[in-house]
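Chemist: The structure's right below; bear with me while I get my questions together.
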Amino acid sequence: MITMKNRTTHRHFYRMAVNALLVLTSAAFVAFADMDTINPVNQNSVSTAIVAAAVTPDSATVGDVLSLEIMVSAESADQRALLRSAATVIVPPDAERDFGGFVVLSSSIEEGEAGTVYRYNLTTFRPQTCTIPSLRFLVNKGFSVDTLFTDPIPITIISVIPADAADAEGGLAIMGLKAQQKTGGADIRSLWILLLIALAVLAYYLLGKYARKKSGEHAPAVPLKPPYEEAIEAIEKLESKKLLEQGNIKEYVFDLSEIFKRYIGRRYDTIASELTTEEIVAWLEFSGISFEMRLCAERFLRTGDQVKFAKWKPDQETIDSFMKDVRTFLEATKPDPQLQYEQKTERMGAVE
């Protein structure tokens, strides 16, 4: 019981520390600039990159489709060429989480001479004026990361109810309703039958749960393998699936990311499997891991997010770097058995 309490306390501490560090990091990178366009247009710039957003139309009824276009570009041709190069990775906002009260129906990405264009078809089901929130784009150029934000865009939601449809008391005038009709008495026999069925299902569930609990008490506990051995075994199973040969790059990166996060979680007693990439990167800053290995982990996680969430198809060199980065991190952070034994001996001596 004491071990579980301490672990829960550590998890709350890590969560609070990671969230605080993310807020400070985001505040340090955000800057804003202006551009002139037709329709609601918003833009900000960090370093040499520029982001601009426009929505059409700026008013709609509930359920109408809105077209949102966002361009990530730069001021000069050389800078735009750098943004289009393989060395630069752009991570767009999360379509399921970052659009506030709007639902993303579809999205697409187009590379052009002027920059990278992200197109979204949005709709809302809220019958009041909504705002497309400020959207964040991460531009990863090697070991440098720019954070770009669009300005919020208000959208006027037009009511479909006619202005003269309200009665004198301010409510809707509903015509043609008849008085409540009387029917025969309720047949409670069907209710008793449903109640008996529900009780039978509940009894079956409780008996099954009790039987599983009793059988689990007698089953011997299987000790977990050390984090490094478990990760290497999982990698070998992943490679045996031959996902890359089948063209399933996205599934391959998803599985490799889960193996990597589980290793970090078990190796450093953290909740890495439950953290986002930004939270893990923030945790790495105070983890005690060497600077080179922190860069290795961040490069894999950020580039992998492009494949998993932005429908980006990397070249062969980038695909090969995924496994290389993970194996390099595992080998560099593999626990030393002799050191662990000495530390355990010291702890036992301190207890005595």
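Chemist: Pop a pseudo-label 7 angstrom from the Cα along the beta-carbon direction at both S67 and K225 and give the gap in nm to one decimal.
Modeler: 5.3
Chemist: When the chain is fully extended, how far beyond the present Cα-Cα distance does F286 get from K313, taking 0.36 nm per residue of separation?
Modeler: Contour length minus Cα-Cα distance gives 6.5 nm.
Chemist: By per-residue mean of other Cβ atoms within 10 Å, what is the highest-first order of 191-202, 61-72, 96-107, 146-157?
Modeler: Values: 191-202: 10.1, 61-72: 16.4, 96-107: 14.1, 146-157: 19.0.
The packing order, highest mean first, is 146-157, 61-72, 96-107, 191-202.
Chemist: Now for a separate question. Obtain the nm distance between the two label points defined at S76 and L295 by a simple spin-label model: each point lies 7 Å from its Cα along the Cα-to-C-beta direction.
Modeler: For S76 paired with L295, the spin-label model returns 2.4 nm.
No lab work stands behind these numbers, since they all come straight from the coordinates. What you see is a predicted model; the values in this text were computed from it and never measured. Note that we place each Cβ from the backbone using ideal geometry, even for glycine, and neighbour counts take in every protein chain shown.
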